[in-house]
Amino acid sequence: MLVVHAFCLMPNHFHLRLATPRGELSRWMRHVKWDYVRNFNFRHRRVGHLWQGRFKAILVEDGPSFLECARYTHLNPNRAKLTRPAERYRWSSYRT
């Protein structure tokens, strides 16, 4: 099982705040990345990788740190000057 708490898709990377109650984060990330790249490449008539290397995972417990991570994820487009306010960024879970 995979629970998505927050996400933000940026032009050159993405942020996910996930819970994997049974573990298996590597397996889930392999599926998420593979499915996204396959669909993106098909839609844009291209081939090849979108991202390089392994994902970075940080364990965050419930509480203030968890909320700060969600805030960081949702405000990423603002820091990159892609949009303001955060609600206007289409590729984020901020509005939900």
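The values are calculated or read from the model by the stated rules, or taken from the named source; none is laboratory data. Remember, predicted model here, so these are calculated numbers, not experimental data. Because the Cβ atoms are built from the backbone with ideal geometry, glycine has one as well, and the counts that use them run over all protein chains shown. Heads up: the accessible areas ignore ligands, DNA and RNA and are worked out on the full protein's heavy atoms, side chains in. Shrake-Rupley method; radii C 1.70, N 1.55, O 1.52, S 1.80 Å.
Could you please find all residues in the stretch 72-96 being of a type outside the set (G, A, S), within 28 Å of R27 (Cα to Cα) and surrounded by 14 or more Cβ atoms within 10 Å (Cβ to Cβ)? Hits for the stretch 72-96 are Y72, T73, H74, L75, N76, P77, W91, Y94. Counting the residues of the stretch 72-92 that are in contact with a helix residue (DSSP H, G or I) (Cβ under 7 Å, 6 or more places away or on another chain) and part of a loop (DSSP other than H, G, I, E, B) gives 3. Is at least one residue of the stretch 11-23 out of contact with any helix residue (DSSP H, G or I) (no Cβ under 9 Å at 6 or more places or on another chain), aliphatic (A, V, I, L, M) and open to solvent by less than 50 Å² (accessible area, probe 1.4 Å)? The answer is yes, given that some residue of the stretch 11-23 is out of contact with any helix residue (DSSP H, G or I) (no Cβ under 9 Å at 6 or more places or on another chain), aliphatic (A, V, I, L, M) and open to solvent by less than 50 Å² (accessible area, probe 1.4 Å).
If the condition is being in a helix (DSSP H, G or I), under 22 Å from V3 (Cα atoms) and open to solvent by 90 Å² or more (accessible area, probe 1.4 Å), then the stretch 39-71 contributes P64, L67, E68, R71.
If you filter the stretch 1-38 down to residues that are among the charged types (D, E, K, R) and outside any loop (DSSP other than H, G, I, E, B), you find that the one that is farthest from R88 (Cα to Cα) is R27.
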